[in-house]
Amino acid sequence: MISAGPGRFFFHLLVVALFLFLLGPVLLVFPISFSADSFIGWPPSGWSVKWYVAMLDQPTLGEALRNSLILAGIVTALALAIALPAAVALSRGSFPGRDAIMALLTAPLLLPTIVLGLALLIIFVTQGMIGSWPGLILAHLLLTVPYALRVLTTALGTLPASVEEAAASLGAPPLSVFFRVTLPLMAPGLVAAAAIVFLVSFDEVVITLFIVGPQLNTLPVALFRYVESRTDPLVAAVSVLMVLFTLLLVVVLERAIGLRKAIGGKGG
Amino acid sequence: MAPHLELHALEKRFGATRAVQALTLAVGKGELIGLLGPSGCGKTTTLRMIGGLMPASAGRIVVAGRDVTALPPHQRDMGIVFQNYALFPHMDVAQNLSFGLEMRKIPAAERAARVTRALAMVRLEAFARRKPRELSGGQQQRVALARALVIEPSILLLDEPLSNLDANLREEMRNEIRDIQQRLGITAVFVTHDQSEALAICDRIAVMRLGVLEQLGTPFEIYERPANEFVAGFVGRVNRAPAERLADGRLRLGELLVQGSGTAGPGPVTLMIRPHRIRLGDGALEGPGWNSATGTVTRRTFVGDLLSIEVTVGPATLLVEQHSFAGAPGPAPGDAVQLAWRAEDTLVFPARVPA
Ligand SMILES: Nc1ncnc2c1ncn2[C@@H]1O[C@H](COP(=O)(O)OP(=O)(O)OP(=O)(O)O)[C@@H](O)[C@H]1O
Ligand SMILES: [Mg+2]
């Protein structure tokens with residue numbers, strides 16, 4: 001396996017090619033964002049940071065970014081608040097219809113998002129929730145709770161029930177068992193669930209397109225609208241910042257989870 | 001003396017499976033009782049019902065005269081040592097031990113003192129700040145034991161606590177458990193499927209099969225006076241031979257007439273003789289109370305401290321075990337040998353009716 005040779009060389013080449021294919025379009029955004037042209041083209045005729053400066057002059061995008069961050073934050077908190085008790089009930093309790101409820105709660109993962117978006121549009125129009133915070137939060141919860149539930153039930157599933165039973169036998173009432181044993185042990189799962197929910201909400205376009213209004217816009221949708229009317233490299237500059245932000249989040253979380261695993265969790 | 005722990009017609013059903021059936025058992029204060037039986041006979045299920053980790057389908061559990069059947073585990077005051085230890089991976093050894101004391105609202109100073117004492121008891125003083133995964137299997141097992149004992153529970157439940165250890169450590173730990181249990185005078189239920197472990201440390205043993213209690217008795221009774229063929233076969237090695245009980249009480253094994261214990265018969269019976277209770281010899285031991293026979297050696301196996309010899313006697317093949325001696329290889333296959341064994345070592349049970 002570790003032998004060096006032509007096979008290994010070509011394997012590495014293949015991996016590099018695959019990465020380029022997957023990440024190429026993303027990487028291309030970086031040089032374009034430093035273009036001095038006023039349209040997206042390759043290669044740029046000159047280099048400048050003017051599009052980064054121009055971003056500061058975009059109150060619409062700024063507002064949209066603020067909305068997206070607030071939305072993702074609220075959705076993350078609510079999704080975890082809903083998914084955590086649900087995951088505990090689903091993986092620790094035993095009641096009739098457990099599997100059916102699990103299937104129902106994770107079903108939105110399988111639905112085409114465009115269908116979900118249309119359905120929400122129809123409902124929200126009659127309720128006057130288009131372009132409203134509750135509408136957006138509700139729609140994003142519908143989308144993200146299944147992810148959170150999946151991650152949390154997996155985290156709970158890998159946590160041996162006997163550890164909780166041991167705590168109970170040592171005199172811990174159910175709530176103490178949860179806060180002293182279950183919760184600390186599933187912390188990596190919680191962090192992972194929060195990260196996924198945040199990113200899904202922050203990046204979501206399809207459903208959001210149906211339910212944003214003139215008063216309330218999110219960053220991905222605002223960008224989408226922007227490129228419909230303009231083709232300057234400003235979007236590239238914004239994209240670069242979004243990519244870096246996402247990357248930063250992933251790295252920080254990986255560090256956090258990795259660190260936690262190093263402290264507790266693993267082995268045993 | 002009133003029993004400390006009583007099980008009354010305890011029962012557990014999983015759908016159609018009856019994992020434990022009509023189990024009635026009384027354990028005295030300070031007694032170590034073994035639950036012994038083959039895999040799947042309901043040992044763990046019984047223990048979990050006693051500890052409150054699993055509701056009973058029927059029956060009652062009584063501790064010191066108080067019915068605890070419906071009590072949740074955290075109100076039962078029982079220490080449980082799990083087969084996989086189930087230590088808290090995010091806490092160090094001292095925190096693991098301290099957990100049960102915190103739940104009992106013991107003041108911090110006393111908590112620290114008791115943790116230190118418990119660690120000394122299992123000789124792990126130097127490991128207080130280690131995480132469970134930084135300990136060997138044997139050390140983890142000792143932490144699990146200390147964690148269950150430090151709360152000074154009224155009853156200690158152990159589910160195959162030694163099964164993950166190697167042979168030497170196993171023996172050391174089982175003696176340690178026995179010592180601590182006797183020193184603290186704690187009532188304990190010890191689940192195992194290892195008969196030598198049960199025989200070695202238990203005051204009494206409950207042998208189970210398919211959820212049913214087959215026999216309850218001291219190790220001596222279980223070994224020397226097994227209640228039935230299953231118990232005799234499960235506890236210790238044993239030869240089995242079909243025979244017939246005659247009207248005069250003697251037993252016919254092919255051409256051979258022998259004497260045996262028990263009252264089974266008349267009619268078809270099963271003889272059971274432990275291999276190490278048969279002497280190979282010159283017939284000098286023959287006399288009242290002894291059975292003797294002549295047979296042909298068919299196989300000889302040298303197992304270090306034991307010599308195991310297979311002898312064909314009429315319709316039966318008997319395994320004979322002897323201590324091995326240097327310079328004495330023992331009889332070879334084909335040799336004719338004399339066998340002798342005591343009448344009381346010939347266990348007789350009714351032949352099982354083919355179902
Ligand atoms: N949760 C469960 N659901 C269904 N059947 C179960 C459950 N737990 C145990 N059983 C069944 O009950 C019977 C007794 O199981 P138990 O775990 O008590 O056996 P055991 O004597 O502890 O065996 P082992 O020595 O292998 O640990 C088995 O037939 C088992 O399949
Ligand atoms: Mg078991």
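A few comments on the model shown:
- CD proxy at 222 nm, helix term only [per DSSP H run n ≥ 4: -39500 (n - 2.57); per residue of chain A; nearest 500]: -24000 deg cm²/dmol
- Each 20 Å bin from zero up to the one holding the largest Cα-Cα distance in the protein assembly as shown carries the following percent of pairs: 15, 32, 27, 18, 8, 1.
- Heavy-atom SASA rank of B:321, B:310, B:172, B:255 (probe 1.4 Å, accessible area, largest first): B:255, B:172, B:310, B:321
- Measuring with a 1.4 angstrom probe and ignoring ligands and nucleic acids, residue A:130 comes out at about 60 Å² accessible.
- Per-bin percent of Cα-Cα distances, the range A:143-232 [10 Å]: 15, 30, 21, 16, 12, 5, 1
- For the range B:148-238: relative contact order, % (alpha-carbon pairs under 8 angstrom, 6 or more apart): 21 percent
- Candidate residues B:263, B:44: accessible-area rank, largest first, probe 1.4 Å: B:263, B:44
- Here residue B:105 is the anchor, and the aspartates and glutamates within straight C-alpha reach of less than 15 Å, apart from those fewer than 8 places off in the same chain, are B:77, B:152.
- Mean Cβ neighbour count within 10 Å, used as a protection proxy, ranking B:230-241, B:209-220 highest first: B:230-241, B:209-220
- Exercise: per-residue mean of other protein chain Cβ atoms within 10 Å, A:156-165: 4
- Residue-averaged [θ]222 nm for chain B, counting only DSSP H segments that reach four residues, each worth -39500 (n - 2.57): -7000 deg cm²/dmol
- Here the Kirkwood formula, the inverse mean of 1/r across different C-alpha pairs, assigns chain A a hydrodynamic radius of 21.7 Å.
- The HN-Hα couplings worked out from phi for the range B:60-75 by the Karplus form 6.51 cos²θ - 1.76 cosθ + 1.60 (θ = phi - 60°) are 10, 10, 10, 10, 6, x, 10, 6, 10, 3, 9, 6, x, x, 6, 10 Hz, whole numbers, x standing for Gly and Pro.
- For residue B:21, the shell of other residues with beta-carbons less than 12 Å away shows a net charge of +2, using +1 for Lys and Arg and -1 for Asp and Glu.
- Here the calculated FRET efficiency for residue A:53 and residue A:161, from their Cβ-Cβ distance with R0 = 51 Å, stands at 0.35, rounded to the nearest 0.05.
- Between the range B:246-261 and the range A:94-168, the C-alpha centres lie 75 angstrom from each other.
- With a 10 Å cut-off around each Cβ of B:87-93, the average count of Cβ atoms from other chains is 6.
- Heavy-atom accessible area, probed at 1.4 angstrom with all protein chains present, ranks B:223, A:226 as B:223, A:226, highest first.
- Using bins of 10 Å that start at zero, the share of Cα-Cα pairs per bin across the range B:248-350 amounts to 15, 47, 29, 8, 1, in whole %.
- Prolate/oblate/rounded label for the range B:5-231 (Cα gyration tensor, a/c 1.5): prolate
- Summary of the geometry: the range B:25-85 and the range B:157-228, compared by the centres of their Cα atoms, lie 15 Å apart.
- Peptide B:100-110 has a mean of 2 when you count, residue by residue, the C-beta atoms of other protein chains within 10 Å of its C-beta.
- Nearby aspartates and glutamates by direct alpha-carbon distance to residue A:50 (threshold 15 angstrom, same-chain neighbours under 8 apart not counted): A:37, A:232
- Entry note, chain B: relative contact order of 16 percent, from Cα contacts under 8 Å with a spacing of 6+ residues.
- Exposure of residue B:205 as accessible area (Å², to 10), given a probe of 1.4 Å and all protein chains: 0 Å²
- Accessible area per residue was computed with a 1.4 Å probe on protein heavy atoms; residue B:248 scores about 100 Å².
- Taking a Cβ cut-off of under 14 Å around residue B:209, the surrounding Lys, Arg, Asp and Glu residues balance to a net charge of +1, with basic ones at +1 and acidic ones at -1.
The values are calculated or read from the model by the stated rules, or taken from the named source; none is laboratory data. Computed from a predicted structure; not experimentally measured. Methodologically, a virtual Cβ is constructed for each residue, glycine included, from the backbone with ideal geometry; neighbour enumeration extends over all protein chains shown. These accessible areas exclude ligands, DNA and RNA; they are computed on the full protein's heavy atoms, side chains included. Shrake-Rupley method; radii C 1.70, N 1.55, O 1.52, S 1.80 Å.
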